Amino acid sequence: MDFSLSDEQQMLQDMLVRLVREHYTFEQRDRAQRSEPGFSEAFRSQLAELGVLAVPIDEAHGGMGGSGIDTLVVMQELGRGLCLEPFLESQLLGGGLVQALGNQTQCEALLSELATGELLLAVASEEPHTHYRPEWTETRAEQAAGGWRLTGRKSVVIGGCARPAGAGSGAHRRGARRQAGAVAVCGRPHR
């Protein structure tokens, strides 16, 4: 088997190596970590301008429709640079949930803005006392005027430190049975 990168993947890797080396020194990382929101907004904007944030987003929604290997290249180089930007949290986890579970309206409303860096997503999946058992979810998704309202408490919000939009798990009643794992997504612009 050939495990070498394609020409496009090698170009992506080379671009990221240069970008991180030239624009993400340890001192810059330290300043970004101490700032609000805890990462470099300027560096995240560079990632957006270069199309890196669009890699894991479907082409139908303004992304590049990248493969797992493309995403691996991005994660490897961001990890090598100890980059703080919420690529994993927002693009992969949040965007992945929207792509997998969102309806057409949600996908159209959120994914193109996510791909261009105009939107951050966070995933609120864990609750106190659930011990990683989603079927024990106590947060409720209830129909409200014009949409859904989540009520409850989440103890882990992956990417929440950046004050993004959210994707949370909740439960709602369908007949007499409780259905766990419903995903509610709301959007808030990043810029």
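The values are calculated or read from the model by the stated rules, or taken from the named source; none is laboratory data. All of these numbers come straight from a predicted model, not from anything done at the bench. Neighbour counts are summed over all protein chains in view; Cβ atoms, including those assigned to glycine, are modelled from backbone coordinates with ideal geometry.
Can you tell me which residues in segment 67-90 are over 19 Å from LEU19 (Cα atoms) and crowded, with 18+ Cβ neighbours inside 10 Å?
Result: GLU89, SER90.
Among residues belonging to segment 1-15 that are closer than 16 Å to VAL55 by Cα and of a type in the set (A, V, I, L, M, F, W, C), point out the one that is surrounded by the fewest Cβ atoms within 10 Å (Cβ to Cβ).
Pass one, segment 1-15, residues closer than 16 Å to VAL55 by Cα: 5-15.
Filter again for of a type in the set (A, V, I, L, M, F, W, C), leaving 5, 11-12, 15.
Values: LEU5: 16, MET11: 12, LEU12: 23, MET15: 15.
Filtering first and then ranking leaves MET11.
So which residues in segment 52-71 are farther than 24 Å from ASN103 by Cα and within 15 Å of the chain's Cα centre (by Cα), if there are any at all?
We begin by selecting, within segment 52-71, every residue farther than 24 Å from ASN103 by Cα; these are 52, 69-70.
Result: VAL52, single match.
Of all residues in segment 127-149, which are in contact (Cβ under 8 Å) with a residue 24 or more places away in the chain and buried (at least 18 other Cβ atoms within 10 Å of the Cβ)?
Within segment 127-149, GLU127, THR137, THR139, ALA141 qualify.
Considering only residues that are on the phi > 0 side of the Ramachandran plot and at pLDDT 95 or above, look in segment 21-66 and name the one that is surrounded by the most Cβ atoms within 10 Å (Cβ to Cβ). It would help to see each step written out before you state the result.
First, pick out the residues of segment 21-66 that are on the phi > 0 side of the Ramachandran plot: 38, 51, 62, 65.
The next check asks that each one be at pLDDT 95 or above; those that pass are 51, 65.
Numbers: GLY51: 15, GLY65: 13.
My answer is GLY51.
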